[in-house]
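Asker: My questions will all concern the structure given below.
The values are calculated or read from the model by the stated rules, or taken from the named source; none is laboratory data. In this text, all values refer to a predicted model and were calculated from it rather than measured experimentally. Cβ atoms come from the backbone with ideal geometry, glycine included; neighbour counts cover every protein chain shown. Surface areas here come from the heavy atoms of the whole protein model, side chains and all, with no ligands, DNA or RNA. Shrake-Rupley method; radii C 1.70, N 1.55, O 1.52, S 1.80 Å.
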Amino acid sequence: MIHGTPQAGQAPWRAELAAAVCDPEELLRALGLPAELLPAARRAHRLFPLRVPRAYLARIIPGDPQDPLLRQVLPLDLEERVVPGDARDPVGDLAAQLVPGVLHKYEGRVLLTATGACAIHCRYCFRRHFPYAQANAARDRWRPAVAHLAADPSIREVILSGGDPLTLGDDKLADLTRALEEVPHIKRLRLHTRVPVVIPSRVDEALLDWFGRISLPVVMVLHVNHAREIDEAVVGACTRLRKAGVTLLNQAVLLAGVNDDADTLTQLSERLFEAGVLPYYLHMLDRVAGAAHFAVEETSATGFLDVLRARLPGYLVPRLVREEAGAAAKLPVFAVGVDGGCR
Ligand SMILES: *Cc1c(COP(=O)(O)O)cnc(C)c1O
Ligand code: SF4
């Protein structure tokens, strides 16, 4: 359960999840933003609902409509624009789904959408139109998903994704991973999650106990786009995860008005390292309907990466990638030579 009132005896993170700001008017009021933004925010909220946990809200600087954290969550009239080439399922997720909740696109690793719920709603999300109600392996429906994984010995890594797998309760996570542990060819468990960033209290004793009991090595890929998303509570959550033996990586999305300059990206890598997290991917935005205003040109992107490579140790430079439906992996994005052809 995501919405609704917190219940007695419930873990604090559950109360935080339930208490997220989901009303555009409340968001604008809390941040002292102009009421003129409200009608458009309400309309875009109907396309993809607003959702901001209060721990994240507290990091947004009040009174600044251009704040890079706010831009990731504030519904805007720009989302109503229809742009040729944009798609509702830009990366071919529906075509790649063999069993509900199983996305098997790449060799050796599968993505399991264990839930459709997220703790925060990111306006640029490429899954904003994804039909999660049908396409997830939540509740008891993960059994066919696990049966599919067990029948394919080429699968060595299972990625719990979503939605956000850490919106699931510890019991459900434990049930699912126990079933995965029984499959001998599965060697690694990966989680793609934004929850430790937006609700750091989720990384509590019960979750750490669960990590302690898992026999598989665990890799957690966080999702942070801007250095200011990492406050001391997030550093604390990352430190606890690392002590529990979890390998921490980060994926970010290159977003206009959020992190589209070399200085901001440098600060992000530096701050991630301070939290014990190494940058993994920097994704080019997927062409999802409603998010065109976040797009950054590839020539700008490769330029930022050149600056990062010159400034930072190699392990703090993320791989710049884009996703193409039908490709065998995320595709690296390279600078095109001055006379280099069309793309
Ligand atoms: C991104 C993705 C992965 C993971 O790719 P890596 O390059 O291993 O991080 C796996 N499966 C699907 C369907 C994906 O979209
Ligand atoms: S947390 Fe991830 S899956 Fe959920 S809305 Fe944000 S980007 Fe999309």
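Asker: Using the alpha carbon gyration tensor of segment 94-332, what are the three equivalent-ellipsoid semi-axes (square root of 5 times each eigenvalue), largest first, in whole Å?
Answerer: Whole-Å semi-axes of the equivalent ellipsoid: 28, 21, 16.
Asker: Out of LEU38, ALA295, HIS148, whose Cα points farthest toward the positive end of the dipole of the chain (charges: +1 Lys, Arg; -1 Asp, Glu; placed on Cβ)?
Answerer: Going by the Cα projections, it comes out as HIS148.
Asker: Something else: Quick check: the distance between the Cα centres of segment 11-27 and segment 269-311, to the nearest angstrom?
Answerer: Centre-to-centre (Cα) distance: 29 Å.
Asker: How high is the relative contact order of the chain, in percent, with contacts defined as C-alpha pairs under 8 Å that are six or more residues apart?
Answerer: 16 percent
Asker: Another question, then. Please work out how much accessible surface ASP23 shows to a 1.4 Å probe, ignoring ligands, DNA and RNA, in Å² rounded to 10.
Answerer: Spelled out: ASP23, probe radius 1.4 Å, area about 60 Å².
Asker: Next question. At 222 nm, what helix-only mean residue ellipticity would the chain give, in deg cm²/dmol to the nearest 500, using -39500 (n - 2.57) for each DSSP H run of four or more?
Answerer: The helix-only estimate for the chain comes to -8500 deg cm²/dmol at 222 nm.
Asker: May I ask you to evaluate 6.51 cos²θ - 1.76 cosθ + 1.60, the Karplus curve with θ = phi - 60°, for each residue of segment 207-214 and list the ³J(HN,Hα) values in order in whole Hz, giving x for glycine and proline?
Answerer: Values per residue, Gly and Pro as x: 5, 5, 4, 4, 4, x, 8, 6 Hz.
Asker: Check the straight Cα-Cα distances from LYS172 and name the aspartates and glutamates below 18 Å, setting aside those fewer than 8 residues away within the same chain.
Answerer: ASP140, ASP164, GLU181, GLU182, ASP204, GLU205, ASP209
Asker: Within the accessible area of the chain, what % is carbon and sulfur when the probe is 1.4 Å and the other protein chains stay in place?
Answerer: Ligands and nucleic acids excluded, carbon and sulfur give 55 percent.
Asker: Moving on to the next point. Could you grab the relative contact order for segment 28-103? Cα pairs under 8 Å, six or more apart, rounded to a whole percent.
Answerer: In percent, rounded to a whole number, it is 32.
Asker: Let me ask something else about it. How much accessible area per residue does the chain have, in Å², with a 1.4 Å probe?
Answerer: Per residue, the chain has 44 Å² of solvent-accessible surface.
Asker: Show the residues, 5+ positions off or on another chain, whose built amide H is closer than 5 Å to the amide H of VAL21.
Answerer: Here the answer is VAL52, ARG54, since their amide H atoms fall under 5 Å of that of VAL21.
Asker: Here's something else I'd like to know. Among the lysines, which fall within straight-line cross-link reach of LYS330, defined as a Cα-Cα distance under 24 Å, with same-chain neighbours fewer than 8 residues apart omitted?
Answerer: By straight Cα distance, LYS330 reaches LYS105, LYS187.
Asker: Each residue of segment 106-120 in order: what ³J(HN,Hα) in whole Hz does its phi give by Karplus 6.51 cos²θ - 1.76 cosθ + 1.60, θ = phi - 60°, with x for Gly and Pro?
Answerer: 10, 5, x, 9, 10, 9, 10, 8, 7, 7, x, 7, 10, 7, 9
Asker: Among DSSP beta bridges whose residues both lie in the chain, state the antiparallel percentage, nearest 5.
Answerer: Beta bridges within the chain, antiparallel portion: roughly 20 percent.
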